[in-house]
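To keep things clear, I will list the structure first and then write my remarks on it.
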Amino acid sequence: RNVTGVQTCALPIFRVGVVNASGTDGAARKVASKMSAIGFDISSVRTADSVQDTSTITYGPQVASQVKTLVASTGIEAVLDPEATNHIVLSVGKDGVTVSKVTTSKKRKVTRSRPKYLNADEKVCVQT
């Protein structure tokens, strides 16, 4: 996914909980594995109490900047949950979730330890 106007930010490391609300066994584990492979730190994977048609992202007010990385990666709009404080939760619905590396149009020096693609470990945020 190509995202314009992306900059690296000095943000604290954040973790994402992944919930299976799809009704399909293993859906959240599969998404969490793909997310982990591109740099997201997964805090937990669990099954929801009910099935939902649409995948969602909810986040607490303390991680409002950090959630932008996940939004850029998945294309799913995030919804603020004031009671979630510092949590980010991706609920995988029946529609599924596609995760992509977040790239930037900003020029950066590519080295072995600094690859072309930005990921969540690099604390990326979308400029507002």
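The values are calculated or read from the model by the stated rules, or taken from the named source; none is laboratory data. The shown structure was predicted, so the numbers you read here are calculated from the model rather than taken from an experiment. Positions of Cβ are backbone-derived with ideal geometry, glycine not excepted, and every protein chain shown enters the neighbour counts. Surface accessibility is based on the protein's heavy atoms, side chains included, excluding ligands, DNA and RNA. Shrake-Rupley method; radii C 1.70, N 1.55, O 1.52, S 1.80 Å.
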Completion exercise
Sequence order, the range 45-51: Karplus ³J(HN,Hα) from phi using 6.51 cos²θ - 1.76 cosθ + 1.60, θ = phi - 60°, Hz rounded, Gly and Pro as x, gives 10, 8, 9, 6, 6, 9, 8
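Put Ile57, Ile42 in order of accessible area, largest first, 1.4 Å probe: what do you get?
Most to least solvent-accessible, the answer reads Ile42, Ile57.
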Completion exercise
Here, Thr98 and Ser36, labelled 7 Å along Cα→Cβ, have an inter-label distance in nm of 2.4
Fill in the blank from the handout: Between the modelled labels at Asp81 and Gln62 (7 Å from Cα along Cα→Cβ) the distance in nm is 1.5
Handout entry: Ile76, Ile88, reordered so the largest accessible area comes first (probe 1.4 Å)
Key = Ile76, Ile88
